[in-house]
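Student: Have a look at this one.
The values are calculated or read from the model by the stated rules, or taken from the named source; none is laboratory data. Bear in mind the structure is a predicted one, so any value in this text is a computation, not a measurement. Please note: Cβ atoms are built from the backbone with ideal geometry, for glycine as well, and neighbour counts cover all protein chains shown. What goes into the accessible areas is simple: the full protein's heavy atoms, side chains included, and nothing from ligands, DNA or RNA. Shrake-Rupley method; radii C 1.70, N 1.55, O 1.52, S 1.80 Å.
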Amino acid sequence: MKLLKTSLVLVTLVIIASLAWYGSYKSDMKKLEDKLRTYLTVEKGMDEQTITSITARRSKMPMYPVVVKFKDNPEEYIYYYREDEWIQLAPDPNS
């Protein structure tokens, strides 16, 4: 009986920890998306209506890229936030 209670407590703790991590992850992704939207509309002067979607995700390199799609351009623009600045990775802004 004691083993069953211990197992139940451990499973409950693992579930709570997993839900807390997932909630934190989703919150961090939402913050990145909001920061990029603000950067594009306020600092770059883009009209918010031209932005179709902004999606942050986890990947290997960079760790948290943010993908932007615009109405007038089917190409995906990939940004990365590092040291208080946004860096456009693709398409190459220098070409």
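Student: Collect the residues in the stretch 25-52 that are open to solvent by less than 60 Å² (accessible area, probe 1.4 Å) and part of a helix (DSSP H, G or I), keeping them in residue-number order.
Tutor: Y25, S27, M29, L32, E33, L36, Y39, L40, T41, T50
Student: Another question, if that's okay. Within the stretch 67-95, track down each residue that is open to solvent by 100 Å² or more (accessible area, probe 1.4 Å) and either in contact with a His (Cβ under 7 Å, 6 or more places away or on another chain) or under 17 Å from L32 (Cβ atoms) (or both).
Tutor: R82, E83, D84
Student: Answer yes or no as to whether Y64 is open to solvent by 60 Å² or more (accessible area, probe 1.4 Å) and touching a strand residue (DSSP E or B) at 6+ places or on another chain (Cβ under 9 Å).
Tutor: yes
Student: Let me ask something else about it. Filter the stretch 56-95 down to the residues that are in a strand (DSSP E or B) and touching a residue at least 24 places away in the same chain (Cβ under 8 Å) and list them by number.
Tutor: A56, V66, V68, Y79, Y81, W86, L89
Student: Just one of (1) at pLDDT 95 or above; (2) in contact with a helix residue (DSSP H, G or I) (Cβ under 6 Å, 6 or more places away or on another chain) trips up R37, so point out which.
Tutor: If we test R37 against (1) at pLDDT 95 or above; (2) in contact with a helix residue (DSSP H, G or I) (Cβ under 6 Å, 6 or more places away or on another chain), just (2) comes out false.
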